[in-house]
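Since the structure comes first, as structure tokens, the remarks are kept for the end.
Since every read-out is calculated from the coordinates, none of them should be taken as a lab result. Keep in mind that this is a model prediction, so the values were computed, not measured. Reconstructed Cβ throughout: ideal geometry from the backbone, glycine too, with neighbour counts over all protein chains shown.
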Amino acid sequence: MENTVIENLTTFPTAVLSFLFCLGFIMMIISMLSGMDIDFDFDTDLELDGDNGAGSIGKVMVISGLSKIPLMIGLTVTFFFATLICYFAQFILLSFLDKPESLFGYVIGTALMFSSFFISLFIAGFVLKPIEKIFDQDVSRATFDFINKACIVTSPSVNETNGEASVKGVHGDYLINVFSDESLVKGDKAIIVKKEKLNDDYDKYFIKKLS
């Protein structure tokens, strides 16, 4: 039984998710103990369907309820549940294949890995919901600090209605919804000028490109 557990955790696709969970957990602990800001350049060019073309993984975080949770904490918890889901699914599904290492097995495994991650986003959002107010209080105290702070565009583009940027907060980097009257693309540095509160759960910040 023990050998089977280790074998499943160290074979594709569960091995990928378990590695990402361990990496995220270690980085999160180091960041918390040392106070260091550990940043990753996530590729947020994956777009959701939409007319504005600025949808990205940030919108998935909003939909799943993780937008108010620091990115490293949200992803670490997500990878934990993704590892569990993928482990049991791999144990059940791939055991029926005569050759799990075949091309078909890898295709099934890849689909299993991404679907496990997507499902786990919503599980993590539900589990972390009770503690989001802890981080929300820090954000509300630092609301005025966001103004005139530098941010980095993380969405493919920013237009007059939609966009996404990363700004450093008390517990790490936060993804915020932004808009601008200038043309900005991913990686551009900008300054946060003002905030528009559209409703109780949705704030949007006006940004200007840093020259």
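Quick notes
- Summed residue charge, Cβ within 15 Å of Val77's Cβ, Lys/Arg positive, Asp/Glu negative: +1
- Distance violations [Cα-Cα > 23 Å] among Lys129/Lys189; Lys129/Lys209; Lys168/Lys209; Lys186/Lys208; Lys68/Lys194; Lys129/Lys149: Lys129/Lys189; Lys129/Lys209; Lys129/Lys149
- Environment charge at Glu182 (Cβ cut-off 13 Å; Lys +1, Arg +1, Asp -1, Glu -1): 0
- Using the average count of surrounding beta-carbon atoms within 10 Å as a protection proxy, the listed peptides 108-115, 173-180 rank, highest first, as 173-180, 108-115.
- Of the peptides 156-164, 73-81, the order by per-residue mean of other Cβ atoms within 10 Å, starting with the highest, comes out as 73-81, 156-164.
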